[in-house]
1. Once a ≥ b ≥ c are taken as the square roots of the eigenvalues of the Cα gyration tensor of the chain, is the result rounded (a/c under 1.5), prolate (a/b larger than b/c) or oblate (a/b not larger than b/c)?
2. In the chain, carbon and sulfur make up what percent of the accessible area (probe 1.4 Å)?
3. Let me have the relative contact order for segment 29-85, percent, based on Cα pairs under 8 Å that are six or more residues apart.
4. Quote the relative contact order of segment 132-205 in percent (integer), defining contacts as alpha-carbon pairs under 8 Å separated by 6+ residues.
5. Please report the net charge: other residues with Cβ closer than 13 Å to the Cβ of residue 20, K and R +1, D and E -1.
6. Hey, what did segment 1-155 get for relative contact order, percent, Cα under 8 Å, at least 6 apart?
7. Taking only protein heavy atoms into account and a 1.4 Å probe, give the accessible area per residue of segment 69-124 in Å².
8. How many angstrom lie between the C-alpha centres of segment 170-196 and segment 45-86?
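The values are calculated or read from the model by the stated rules, or taken from the named source; none is laboratory data. Only a predicted model underlies this, so the values are computations on that prediction, with no experimental measurement involved. Glycine also receives a Cβ, built like all others from the backbone with ideal geometry; neighbour counts cover every protein chain displayed. Side chains are part of the model used for accessible areas, which takes the heavy atoms of the whole protein and leaves out ligands, DNA and RNA. Shrake-Rupley method; radii C 1.70, N 1.55, O 1.52, S 1.80 Å.
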Amino acid sequence: MARVLILGGTAEARALAGVLISAGHNVTSSLAGRVTDPLLPPGAVRVGGFGGAGGLAAHLAEVGYDALVDATHPYAATITANAVTAAAMTGTHHVVLRRPAWSDRPGWTRVADHAAAAAVAAGRVFLTIGRQEVAAYANSPAWFLIRAIEPPDPPLPEHHELLLARGPFTLDDERTLLRDHEITMLVTKDSGSPATEAKLTAAEELGVTVVVVDRPPLPDGIAHVRDVDGVLDWLG
Ligand code: NAP
């Protein structure tokens, strides 16, 4: 039985907590505390930042975790880098659980970051990138339908409508949404999540241009698995 800290905030982090608890491990999940009403994993939960890599290292040492599983979202690059540093500082066994990216579909444009996506945004844009980076689109003259779980951080684009919603979303609903708002372009992160994949199929069906903001790369040389079973194998 291992004492495991899961850095969470994703569906697979919640699933992992349940599986590890069932396997007899002692699990604590950590959430950043960004969402007012988060979906909670089973087992012990702590909420809030650690105060950088040093704070996370201090927490790892204080509790004496055997393993650190970084199951954060593929775009949560700061906590992922901090986990690498903290694990090295404390000698904690560390792995990243990162779901695979979506496979490209015909006609997708991939861009490196939100600045590049904002530069090509045009027409009537469905923006599904979460709430933290919408400001990168603030100077775009395009019209945006912005979907996020909670209101985005300002400034927002001049022409927009805000839709507060949490997935999963059905294909029927996504089709209707794109049609009703006469969407011509979808801008999305490559979350790889089945819960938000239907919009890609709807966009393909309706001939909507798709712009995908690429994932930040994983730090070099770290252990990395693709799913919950991979973490179980890694724990041994
Ligand atoms: P981030 O930019 O990588 O991290 C910023 C800071 O937030 C970190 O330095 C850390 O603060 C704190 N933090 C992040 N994840 C944490 C966790 N699981 N437990 C404790 N503190 C955490 O992170 P982010 O992109 O804002 O994402 C925040 C959370 O939302 C993550 O748990 C992530 O899995 C989830 N999420 C993110 C996205 C996304 O698109 N980015 C989408 C869905 C869910 P300290 O330095 O003070 O420790």
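1. Working: a/c = 2.15, a/b = 1.93, b/c = 1.12.
Prolate, because a/c is 1.5 or more and a/b exceeds b/c.
2. Carbon plus sulfur share of accessible area: 53 percent.
3. Working: 33 pairs, mean separation 17.2, N = 57.
Taking the mean separation of contacting Cα pairs over the length of segment 29-85, I get 30 percent.
4. Details: 84 pairs, mean separation 20.0, N = 74.
Averaging sequence separation for qualifying contacts and normalising by length gives 27 percent for segment 132-205.
5. Working: positive: 3, 14; negative: 12, 66, 229, 233.
Charge balance near residue 20 sits at -2.
6. Working: 233 pairs, mean separation 28.1, N = 155.
This gives 18 percent for segment 1-155.
7. Numbers: 2430 Å² over 56 residues.
That works out to 43 Å² per residue.
8. Their Cα centres are 32 Å away from one another.
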